[in-house]
Amino acid sequence: MSRERVAVALSGGVDSSIAALLLKEAGYEVTGIYMRLWDCPDSEYQALRIQNICRILDIPLHILDLQKEFERHVVDYFCLEYERGRTPNPCTACNQHIKFGFLMDKALSLGADYLATGHYARVEHSANGYHLFKAADIEKDQSYFLYTLSQERIRHLLFPLGNNTKAKVRQIAKEEGLPVAARSSQDICFLSQRNYRPFLRQRFSPSPGEIVDARGEILGHHEGIAVYTIGQRHGLGVASSKPLYVIGIEPENNRIVLGGERELYSQRIMAKKVTWVATRAPSGPITVTAKIRYRSNEAVAIVSPSGHCEQGEAICDIWFPHPQRAIAPGQAVVFYKGDEVLGGGTIEGSEPVTLGKKQYVAATEL
């Protein structure tokens with residue numbers, strides 16, 4: 001009986017290397033696959049590192065050039081969202097379009113039964129389909145970025161690290177003689193530094209505009225809405241006797257709106273591009289826990305499907321009994337039931353608690 005074949009997406013990091021090792025030890029026929037996504041100073045070093053990993057593991061390597069696709073679906077999207085006054089989620093976009101889109105299609109076309117990655121998440125199969133769960137190591141859990149997975153995609157996925165801790169993965173790597181980086185990789189792979197603003201300025205010219213308060217009174221001027229995010233406090237360029245935060249971004253007026261701490265809180269979110277992993281959209285309101293950003297805590301929420309927008313995308317209304325701070329349009333809101341990821345969507349706007357009506361919403365109205 002022939003062994004099942006799996007292509008492992010190798011990045012040169014310890015996680016994907018150990019994913020390949022564990023699958024080989026489990027009896028799979030393993031092939032490494034490396035995506036060329038973005039030219040950077042250490043691209044050649046990274047390629048050599050991956051070749052060395054494949055030599056140690058004694059597995060073949062296939063190199064795939066996805067630079068054009070990455071530019072279009074991740075980098076261009078990243079810049080356009082900031083230009084529109086929104087906060088993008090490039091890791092989710094990369095997972096949806098690149099890793100579990102173009103890369104998976106290529107892996108399957110090469111004869112693989114599965115694609116595997118070094119993500120910290122778990123997939124389980126039951127009588128009613130495939131289910132996505134948080135990783136055992138909650139500190140490293142990446143299920144938030146995977147909510148767009150469909151049944152067609154998830155059935156071809158393996159996450160070998162889902163039941164491991166990062167400490168255990170590093171220990172295995174040292175024992176097996178696989179390279180272990182001194183520190184984890186950066187959050188956004190195509191940025192050479194954490195500050196994304198210089199990168200945006202290279203891609204488009206910002207347009208100066210007004211900084212106002214919630215009443216519309218001018219407090220100062222900005223150099224472009226792209227360098228501001230909801231909840232930002234520092235670098236506003238406005239003098240004030242009390243702390244001020246960005247509570248809204250108005251791309252249609254090219255204005256930044258500032259306010260106090262309490263004006264950052266919202267109870268209602270409108271979301272678009274809503275998808276569900278293992279179930280169909282509920283017919284009515286359901287109670288879940290939800291995260292409004294990767295590092296936020298889960299909070300109880302009521303999700304109510306609202307049909308579809310003109311573009312055919314599913315939309316929903318999310319209400320939090322306890323107000324949430326600094327909800328940023330463009331980010332993902334992800335729904336959970338215990339450890340299971342139910343689905344999620346892209347935040348389009350929110351309703352400030354103190355105003356009682358939609359105002360200074362940094363997105364297109366639903």
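Does LYS242 fit the bill of being modelled with pLDDT under 95 and not polar (S, T, N, Q)? Before the answer, list the steps.
Values: modelled with pLDDT under 95: yes; not polar (S, T, N, Q): yes.
Here the answer is yes, as LYS242 does meet what is asked.
For the stretch 162-188, which positions are surrounded by fewer than 16 Cβ atoms within 10 Å (Cβ to Cβ) and either in contact with a strand residue (DSSP E or B) (Cβ under 6 Å, 6 or more places away or on another chain) or modelled with pLDDT under 90 (or both)? Once the filter is applied, which keeps residues that are surrounded by fewer than 16 Cβ atoms within 10 Å (Cβ to Cβ) and either in contact with a strand residue (DSSP E or B) (Cβ under 6 Å, 6 or more places away or on another chain) or modelled with pLDDT under 90 (or both), the stretch 162-188 yields PRO179, VAL180, ALA181, ALA182, ARG183, SER184, SER185, GLN186, ASP187.
Taking the criterion of being closer than 20 Å to LYS291 by Cα, in a loop (DSSP other than H, G, I, E, B) and either at pLDDT below 95 or not aromatic (Phe, Trp, Tyr) (or both), the residues of the stretch 124-161 that qualify are ALA135, ALA136, ASP137, ASP141, GLN142, THR148, LEU149, SER150.
Confirm whether ILE230 is assigned to a loop (DSSP other than H, G, I, E, B) and touching a Pro at 6+ places or on another chain (Cβ under 7 Å). Against the criterion (assigned to a loop (DSSP other than H, G, I, E, B) and touching a Pro at 6+ places or on another chain (Cβ under 7 Å)), ILE230 does not qualify.
A quick yes/no check of all residues on (1) under 20 Å from ALA7 (Cβ atoms); (2) assigned to a helix (DSSP H, G or I); (3) among the aliphatic types (A, V, I, L, M); (4) touching a Gly at 6+ places or on another chain (Cβ under 8 Å):
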| residue | (1), (2), (3), (4) |
| --- | --- |
| ASN163 | no, no, no, no |
| ILE172 | no, yes, yes, no |
| VAL180 | no, no, yes, no |
| ILE188 | no, no, yes, no |
| ASN195 | no, no, no, no |
| PHE199 | no, yes, no, no |
| GLY216 | no, no, no, no |
| HIS221 | no, no, no, yes |
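Within the stretch 104-135, restricting attention to residues that are more than 12 Å from HIS156 (Cα to Cα) and hydrophobic (A, V, I, L, M, F, W, C), the residue that is surrounded by the fewest Cβ atoms within 10 Å (Cβ to Cβ) is ALA127.
Within the stretch 103-125, work out how many residues are closer than 18 Å to GLN67 by Cβ and without any contact (Cβ under 8 Å) to a residue 12 or more places away in the chain. Qualifying residue count, the stretch 103-125: 1. Selection of first residues in the stretch 126-145 that are outside the structural domain of THR289 (by TED's automatic domain parsing) and touching a residue at least 24 places away in the same chain (Cβ under 8 Å) and of second residues that are assigned to a helix (DSSP H, G or I) and among the hydrophobic types (A, V, I, L, M, F, W, C), restricted to Cβ pairs under 7 Å at least 6 apart or on distinct chains, gives the following pairs, ordered by first then second residue: TYR130/ILE154; LEU132/LEU146; LEU132/ILE154; PHE145/CYS91. Assess whether PRO243 counts as being touching a residue at least 40 places away in the same chain (Cβ under 8 Å), part of a loop (DSSP other than H, G, I, E, B) and not assigned by TED's automatic domain parsing to the domain that holds LYS134. Criteria not met by PRO243.
Return the total of residues in the stretch 264-297 being free of Cβ contacts under 8 Å to residues at least 12 places away in the same chain and among the polar types (S, T, N, Q). Outline the logic, then answer.
Step one: list which residues in the stretch 264-297 are free of Cβ contacts under 8 Å to residues at least 12 places away in the same chain, which gives 280, 295, 297.
Going one step further and asking which of them are among the polar types (S, T, N, Q), we end up with 297.
So the answer is 1.
Considering each of LEU48, LEU80, LEU66, LEU61 in turn, give the residue that is farther than 30 Å from VAL333 by Cβ and at pLDDT 95 or above. Please lay out each step first, then the result.
Numbers: LEU48 fails: at pLDDT 95 or above; LEU80 fails: farther than 30 Å from VAL333 by Cβ; LEU66 fails: farther than 30 Å from VAL333 by Cβ.
Going through LEU48, LEU80, LEU66, LEU61 in turn, just one is farther than 30 Å from VAL333 by Cβ and at pLDDT 95 or above: LEU61.
All of (1) of a type in the set (Gly, Ala, Ser); (2) buried (at least 20 other Cβ atoms within 10 Å of the Cβ); (3) more than 25 Å from TYR114 (Cβ to Cβ) hold for SER43 with one exception: (2). Residue selection: LYS134 satisfies the criterion of being more than 29 Å from ALA47 (Cβ to Cβ) and touching an Asp or Glu at 6+ places or on another chain (Cβ under 7 Å).
Criterion first (among the β-branched types (Val, Ile, Thr) and not in a loop (DSSP other than H, G, I, E, B)) does VAL238 satisfy it?
Details: among the β-branched types (Val, Ile, Thr): yes; not in a loop (DSSP other than H, G, I, E, B): no.
So VAL238 does not fit the description; no.
Listed by position, the strands (runs of 3 or more DSSP E) contained in the stretch 1-102 that have at least 1 residues being free of Cβ contacts under 8 Å to residues at least 12 places away in the same chain form an empty set.
A quick yes/no check of all residues on (1) at positive phi; (2) out of contact with any strand residue (DSSP E or B) (no Cβ under 7 Å at 6 or more places or on another chain):
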{"position": "ASP58", "(1), (2)": "yes, yes"}
{"position": "ILE63", "(1), (2)": "no, no"}
{"position": "VAL75", "(1), (2)": "no, yes"}
{"position": "GLU81", "(1), (2)": "no, yes"}
{"position": "ARG84", "(1), (2)": "no, yes"}
{"position": "GLY101", "(1), (2)": "no, yes"}
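Pairing each residue of the stretch 318-331 that is free of Cβ contacts under 8 Å to residues at least 12 places away in the same chain and on the phi < 0 side of the Ramachandran plot with any residue that is of a type in the set (Ser, Thr, Tyr) and assigned to a loop (DSSP other than H, G, I, E, B), provided the two are 6+ apart or on different chains, yields no C-beta distance under 7 Å.
The values are calculated or read from the model by the stated rules, or taken from the named source; none is laboratory data. Please read these numbers as outputs of a predicted model, since none were measured by experiment. Here the Cβ is made from the backbone with ideal geometry for all residues, glycine too, and neighbour counts use every protein chain on show.
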